[in-house]
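The values are calculated or read from the model by the stated rules, or taken from the named source; none is laboratory data. Here the structure is a predicted model, which means the values were calculated and not measured. Note: ideal-geometry Cβ built from the backbone for every residue, glycine included; neighbour counts use all protein chains shown. Areas reflect the complete protein model, heavy atoms only, side chains present, ligands, DNA and RNA absent. Shrake-Rupley method; radii C 1.70, N 1.55, O 1.52, S 1.80 Å.
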Amino acid sequence: MSEDLKDIQFAPIKDHKYAQWFQEVRYETKMLSEAERKEFISVMDEGIAEYSEGLSLMYETIENSRDKHDSYHEIDYVVASVTLFVLTTMIDCMVISKYYVCADNDYEKRFMRGKMKVILNEGFKKLYGFEKNTHKQSEWNRLLPYMSRFPEVINYQHQRLTNLLEKHAKSSSWWKDERDLETHLDTEKLYISRQEEIIDSEVMKGLMKLFDTLLAVNCFLWNLHSCLYNFLVDKYYRGELKEE
């Protein structure tokens, strides 16, 4: 065990080009072929399995840090908690898009499209918010009090990403009307809303707007995890962290 610990390496802090995940993607207006549907479902299954592996790790971190009130564990708790939200919402996006593509009849497809828009609206509102009140309660805002504890390179990335998220928040209504109809079940208006023509590429475009945003935030969060890991490695090499 001691020999293994001597080989511990510091984790790299990656310089992600966050803007790439905030560009508007243009899709050819089309419906998916049967072969494309099968390929899409396969990709979603792989993604769901991959990202699901991180859920238990984040929850274990949350439980480990929940009642420890030193500076390190307070930060570790918040970063893990925000990461759990991001991973869960990414997986939910993949699951609902999979079942949208799997839908065999017209009503199922329209139903799944409507529920997808609920996730799109609620997901971004919880992630960053749309105005002062929702932003104050957002997951992104939970990180702000701790940014001064991280190195300059992380704070620079945080500011870049905040600017991109702010522009995204103002880019559209994020399907608020559809979310309200789907949630409050105003059936007459809901019926009209669901009659909108179904175009698979347009539905996927909406989904990717949120998923790519979450992906960018997830990459930033893993840089935070790397900083926390490196903090412990440094303490170990300085003899301040003992083996158990």
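When the surface is traced with a 1.4 Å probe over the full set of protein chains, E53 keeps roughly 140 Å² accessible.
From the alpha carbon centroid of the range 7-74 to that of the range 155-173 is 19 Å.
Between T187, T89, S172, the Cα set farthest toward the positive side of the dipole of the range 36-193 (charges on each charged residue's Cβ, about the Cα centre) is that of S172. Of all aspartates and glutamates in the structure, those lying under 15 Å Cα to Cα from K132, and not within fewer than 8 positions of it along the same chain, are E166. Comparing N163, N64, N133 in a Gaussian network model of the chain where C-alpha atoms under 10 Å apart are linked, the largest mean-square fluctuation is found at N133. The slack between N133 and S52, meaning 0.36 nm per residue of separation minus the straight C-alpha distance, is 26.1 nm.
Once neighbouring chains are kept in place and the probe is 1.4 Å, which whole percent of the accessible area of the chain is contributed by carbon and sulfur? In the chain, the share of accessible area belonging to carbon and sulfur is 54 percent. Inter-part distance, the range 96-134 to the range 183-244, computed on C-alpha centroids, equals 14 Å. Beyond a 19 Å Cα-Cα separation, which of these cross-linked pairs lie in this structure: K38/K98; K126/K209; K68/K125; K98/K126; K14/K235? Beyond 19 Å: K68/K125; K98/K126; K14/K235. Annotation: aspartates and glutamates with alpha-carbon distance below 14 angstrom to K167 (same-chain offsets under eight excluded): E24, E131.
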